[in-house]
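Novice: This structure is in structure tokens; I'll ask about it shortly.
The values are calculated or read from the model by the stated rules, or taken from the named source; none is laboratory data. All values reported here derive from a predicted model rather than from experimental measurement. With ideal geometry, Cβ positions are generated from the backbone for all residues, glycine too; neighbour counts draw on all protein chains shown. These area figures cover heavy atoms from the full protein model, side chains too; ligands, DNA and RNA do not enter into them. Shrake-Rupley method; radii C 1.70, N 1.55, O 1.52, S 1.80 Å.
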Amino acid sequence: MALFLAFKLENIEKQKLKYPLDILKHNSICDKYEDISAFHITLKKISNDDNSHEEVINILNTWHDLYARGPVMVYADKLCRFENNPNNTVDWIGMSQTLPLYRIKGEIETVAKELKYNMCDDNFPYTPHITCGFNVKHTNKFDKDFVPIPIEIRSIVLWAYDHMLRNVHVASTMYEVNL
């Protein structure tokens, strides 16, 4: 089981994101749309070993003591797609004003390095996003931009990612720290 850090979205924030998910669903076909209950913004994969959670909790607590500033506001404003290959696409909700998320990621990586913890290398450049579908087939051209939706992020969670069950990410929250 892998360990991840993610920006947690409160239920009220998740409900706001029903609108872009509905836009995608009405203009595509897919059997693997993400359920809004599983919406989050991945910060970083930490480890493939869920036995290192105590070390990661120490990183989060140290980051909190050094850098925490309070909630961050980002704006969901478009539907996007990662296309590693045509048979393996990920549709996602893109955001603007995400510079604070990049800063937090860098701060956590700095703390981990100072504490001599080897995090997993990133497979792709960091792009704050909310995954909403896998291998989605668009049925027509549609406007992928929408009126920006404010999303307040208040915390980071450490979770152990297990698998997907009925198209919903199954993850166990192991720890949470406020921004």
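Novice: Regarding Tyr175, is this residue modelled with pLDDT under 90 and in contact with a helix residue (DSSP H, G or I) (Cβ under 8 Å, 6 or more places away or on another chain)? Don't jump to the end; show me each part of the working.
Specialist: Details: modelled with pLDDT under 90: yes; in contact with a helix residue (DSSP H, G or I) (Cβ under 8 Å, 6 or more places away or on another chain): yes.
Against the criterion (modelled with pLDDT under 90 and in contact with a helix residue (DSSP H, G or I) (Cβ under 8 Å, 6 or more places away or on another chain)), Tyr175 qualifies.
Novice: Using the structure shown, decide if Ile57 is within 18 Å of Ile108 (Cα to Cα) and either at pLDDT below 95 or among the hydrophobic types (A, V, I, L, M, F, W, C) (or both). Break it down stepwise before answering.
Specialist: Numbers: within 18 Å of Ile108 (Cα to Cα): yes; either at pLDDT below 95 or among the hydrophobic types (A, V, I, L, M, F, W, C) (or both): yes.
So Ile57 passes the test.
Novice: Applying the selection to the range 43-101, what residues are polar (S, T, N, Q), more than 21 Å from Arg154 (Cα to Cα) and open to solvent by 30 Å² or more (accessible area, probe 1.4 Å)?
Specialist: Residues of the range 43-101 that are polar (S, T, N, Q), as a first pass: 47-48, 51-52, 58, 61-62, 84-85, 87-89, 96-98.
With more than 21 Å from Arg154 (Cα to Cα) added as a condition, the list becomes 47-48, 51-52, 84-85, 87-89.
Listed by number, the residues that qualify are Asn48, Asn51, Asn84, Asn85, Asn87, Asn88.
Novice: Just the residues that are of a type outside the set (Phe, Trp, Tyr) and in contact (Cβ under 8 Å) with a residue 60 or more places away in the chain, please, taken from the range 27-41. Lay out the reasoning, then the answer.
Specialist: Kept after step one, since they are of a type outside the set (Phe, Trp, Tyr), are these residues of the range 27-41: 27-32, 34-38, 40-41.
Residues satisfying the conditions are Asn27, Ser28, Ile29, Cys30, Asp31, Lys32, Glu34, Asp35, Ser37, Ala38, His40, Ile41.
Novice: Mind checking whether some residue in the range 52-64 is of a type in the set (A, V, I, L, M), assigned to a helix (DSSP H, G or I) and within 14 Å of the chain's Cα centre (by Cα)?
Specialist: no
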